Amino acid sequence: MKIDQSQISTRNALRFVILIGVVSLFADMTYEGARSINGSYLAVLGASGAVVGVVSGLGELLGFTIRLVSGYLSDETKGYWTITFLGYAINLIAVPLLALAGNWPLAALLMVVERLGKGIRVPPRDAMLSYATQRMGRGWGFGLHEALDQLGAITGPLIVALVLYFRNGYQTGYGLLLIPALLALGVLSAARLLYPRPQDLEFNQVNLQVPGFSRPFWLYVAAAALIAAGFADFPLIAYHFQKASIAGEATIPVLYAVAMGVDALAALVFGRLFDRFGLVTMMLVAALSAFFCAAGFLGRVFFSRVRHGAVGHRPRCPGIDHARRRGGHDLASTARHGLRAFQHNLWHCLVLRQRVDRRFVRSFSLLAGGLFNGGSIGLHPHLLSCA
């Protein structure tokens, strides 16, 4: 049923963003809670550092690559909800199944499957968000969504940390994450019923033909790829913390949660700043991230702990992933909505990092990760036009 154009309002768009934000809250509670202990769990199951690096890298590689496919399909078929549901189901159900994994090969397989699920659902979900955020401002809309997203990313690791603190084991922690997984799928179903055609939330729909990617787009991707090349994934860092006894098993997810808190605040702040100052904001975030990343090579335990709690973990960074998602709309503003997803996915494929078992890497990615990720979440959609 098509939404009456006269009833489309900023309030309607805000409700949709909040609904999807709540879905992301429960989803992040599930898989970020798991990711905060995945490296430690593999260590306990007897996996080597090389295995952890390969599993993390392979999961990200496949997850980012499949975004090209899901983004293209969501554009061509307009089956945003179908693809989103499929991705969330795979992404979320793989997590509690880790409680049943009695060996590291099976656990590793489930971790890769979880990344695949996320890769499938991100493009169509972000494309739907792009329709709603046109009314409320891309930076604010995606920043609000990211804040809810990161609230879950903070809560999940804390829940797992509490389980480990009371010596209930990794299996109990993974099993408990089934609850937020089911809640996420339930809220997603409600959003589908309330907004069957999210594309109708966009007040200025134009179907333009795009000959290809512009030169600024490729320059932007190249710059982002160089920045992203300096980040290590958190499971490898958690593995190192576990093996080197830098932090206890219950402390590692707490540090991860603190990093996620910085990420959430950065998303809101840099999203607003981008709406006002544009690309300069992203340049500032990239510069700050580069400064902190350099400190990661000092390799001291003190700095590793400070960096871990100070800025974040993700291969993306607080200042820029929001920036990347928000900012794409400026660099490719003439693209169709499906192409937004395609460009977004192409971006991710081009910034894949090679992850190896580097013993000297303490919390390098945790440092620049949080700052770059939070800020970028507010900026990238408008720069890549792929939300």
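Nothing in this text is a laboratory measurement; each read-out follows from the coordinates by a stated rule. Note that the structure is a prediction, hence the values are computed from the model and not measured. Cβ coordinates were reconstructed from backbone atoms using ideal geometry, including for glycine residues, and neighbour counts include every protein chain displayed.
How would Glu60, Glu76 line up from fewest to most surrounding beta-carbon atoms within 10 angstrom?
Glu76, Glu60
The stretch 213-262 and the stretch 149-177 have Cα centres spaced 20 Å apart.
If you plug the beta carbon distance of Arg197 and Asn103 into 1/(1 + (r/R0)^6) with R0 = 56 Å, you get a FRET efficiency near 0.75. For the stretch 246-263, putting each phi into the Karplus relation 6.51 cos²θ - 1.76 cosθ + 1.60 with θ = phi - 60° gives couplings of 6, 8, x, 4, 7, 7, 4, x, 5, 4, 4, 5, 4, 4, 5, x, 5, 4 Hz, in residue order, rounded to whole numbers and with x for Gly and Pro.
Ranked highest first by the average count of other Cβ atoms within 10 Å around their residues, in what order do 44-57, 247-260 fall?
Averaged packing, sorted descending, gives the order 247-260, 44-57.
Couplings 3J(HN,Hα) of the stretch 80-90, computed from phi: 4, 5, 4, 5, 5, 4, 4, x, 4, 4, 5 Hz, in residue order, whole Hz [Karplus 6.51 cos²θ - 1.76 cosθ + 1.60, θ = phi - 60°; x for Gly and Pro].
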